[in-house]
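Below is one structure, written out as structure tokens; the observations come after it.
The values are calculated or read from the model by the stated rules, or taken from the named source; none is laboratory data. Worth saying up front: this structure is predicted, and the values here are computed from it rather than measured. Cβ coordinates were reconstructed from backbone atoms using ideal geometry, including for glycine residues, and neighbour counts include every protein chain displayed.
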Amino acid sequence: MRRVLFVAYLYPPVGGAGVQRSAKFVKYLPDCGWRPSVLTVANPSVPLIDTSLALETPEEVILRRARTLEPSYALKSVVSAGSANGNGHARSLRQLARRTAHTAVKLLLQPDPQVLWLPDAIREGRKLLREIAHDAILVSAPPFSSFFVGVALSRSSGLPLVLDYRDEWDLSNAYLENRRPDAFSQFVQRHLQVRAVRSAKAVVATTQASADALAAVCKTAHSKAQVQNIYNGYDPDDFPQRPLPAEEHRDFFRLAYVGSLWNLTSVAPLVDAVVQLAHRRPDLTKRLELVFAGRRTSDQEQIVARLRTLPIRLVERSYVDHAQVSDVLRGADGLCLLLAGLPGAERVVPAKTFEYMAARRHILAIAPRGELWDILRDYPAKHLLEPGDQSGITLALEELIDKRPPGPPREVSDSTGIRYGRPYQARQLAELLNSLVD
């Protein structure tokens with residue numbers, strides 16, 4: 001078997017959607033003729049930990065962890081929040097000092113704070129490559145500083161380098177929390193991206209539209225890297241045919257959203273539609289249960305708070321361990337996908353899309369026309385609506401609630417999700433790696 005070194009800052013026991021792509025590749029690549037080693041961080045500065053995902057890494061996988069010089073996420077949160085004590089003048093001075101320090105850190109730590117992981121990661125990676133022969137290197141990002149661990153290891157070892165873009169660099173900078181870089185940082189990061197793709201033999205995207213955008217980046221950088229799309233997906237092992245937890249008979253419609261809420265996945269269109277429905281059909285609103293499971297920014301928290309005054313059932317949960325996600329999805333009557341009407345959002349397909357399809361529940365997709373619409377077009381039970389179509393979203397909710405039959409949630413008969421299984425995607429990656437090595 002050939003061996004590939006996976007470089008991934010986000011790897012179990014870190015939690016969140018970004019972790020699953022690397023973890024599932026590592027799980028299924030051995031079935032495709034590739035034995036993975038993993039280089040990740042020893043002390044990740046992250047908000048979520050999910051030990052359930054760590055159990056899926058095969059025992060034979062070599063796992064090396066390098067330390068980062070970043071402060072802990074808890075400390076960063078405390079410093080960012082600051083203190084509310086003192087008079088107005090003192091508070092203003094502290095806020096100014098925090099903003100100044102934050103700006104200075106962003107300017108110095110390019111392209112992201114995780115660049116402080118690089119010295120030890122490169123050292124541990126070179127040590128591993130000296131100890132055990134490898135055939136290729138794959139780096140998963142963001143954080144995009146991880147790409148330069150791969151660049152350094154590829155140059156010192158001569159191994160082909162694959163860059164796996166879980167998100168596009170430009171879109172991440174435009175919309176992620178605490179990004180939106182200044183003009184100087186944008187200039188620096190464009191240069192850094194050019195350096196990275198010039199060193200790569202292949203670039204992988206998670207949608208075809210993103211692959212086309214990255215092909216343009218490679219062309220501008222005069223990179224000869226081949227560009228390929230490998231979608232995110234679902235793991236069949238996460239959806240065993242076990243009975244749902246016992247639940248008393250219900251006559252309400254449960255609509256669930258699982259994942260983070262931030263500006264690219266704004267819940268505002270859904271909340272506006274529920275408010276409108278409450279005015280038009282208060283009787284139906286009482287038969288609606290909304291479940292939100294996951295983190296949300298303060299802006300999104302304020303939007304969700306509008307629902308607390310309405311006569312609906314509102315269930316708010318923090319992060320759900322991946323081992324429990326399938327039960328949350330299968331326990332719902334409908335599942336909601338959200339993408340804001342922002343430039344570039346039409347190229348995005350949320351990773352949860354494929355798990356929603358695997359759960360075989362009705363899907364309410366509120367998103368701009370684009371690749372997500374194309375993927376769901378053949379799914380038999382869906383409503384596809386644009387974020388600005390408030391009346392359409394309201395009518396869809398009305399129809400879903402009104403037509404819900406009594407009894408437990410009904411399963412949709414669907415075969416469109418089969419090609420989005422993680423084993424199939426591991427075969428796609430293995431074929432790409434084989435082409436580079438051959």
**Message:** For the stretch 298-321, give me each residue that is under 18 Å from the mean Cα position of the chain (by Cα) and either surrounded by 15 or more Cβ atoms within 10 Å (Cβ to Cβ) or under 15 Å from residue 270 (Cβ atoms) (or both).
**Reply:** 300, 319, 320
**Asked** Does residue 330 satisfy the criteria of being charged (D, E, K, R) and closer than 21 Å to residue 403 by Cβ?
**Response** yes
**Asked** How many of the residues in the stretch 247-262 are modelled with pLDDT under 85 and crowded, with 19+ Cβ neighbours inside 10 Å?
**Response** 0
**Message:** When you check residue 241 against the structure, is it outside any helix (DSSP H, G or I) and within 21 Å of residue 330 (Cβ to Cβ), yes or no?
**Reply:** yes
**Request:** Go through the stretch 269-288 residue by residue and tally those that are in contact (Cβ under 8 Å) with a residue 40 or more places away in the chain and acidic (Asp, Glu).
**Result:** 1
**Request:** Mind telling me which of the residues 384, 395 ends up being in the same structural domain as residue 333 (by TED's automatic domain parsing) and either of a type in the set (Lys, Arg) or touching a residue at least 12 places away in the same chain (Cβ under 8 Å) (or both)?
**Result:** 384
**Item:** Residue check, residue 426 assigned by TED's automatic domain parsing to the domain that holds residue 208, small (Gly, Ala, Ser) and surrounded by 22 or more Cβ atoms within 10 Å (Cβ to Cβ)
**Value:** yes
**Request:** Tell me, yes or no, whether the stretch 124-131 has at least one residue that is under 21 Å from residue 203 (Cβ atoms) and either of a type in the set (A, V, I, L, M, F, W, C) or outside the structural domain of residue 64 (by TED's automatic domain parsing) (or both).
**Result:** no
**Message:** Residues to consider are 405, 409, 368; find the one that is surrounded by fewer than 17 Cβ atoms within 10 Å (Cβ to Cβ), in a loop (DSSP other than H, G, I, E, B), in the same structural domain as residue 312 (by TED's automatic domain parsing) and not aliphatic (A, V, I, L, M).
**Reply:** 405
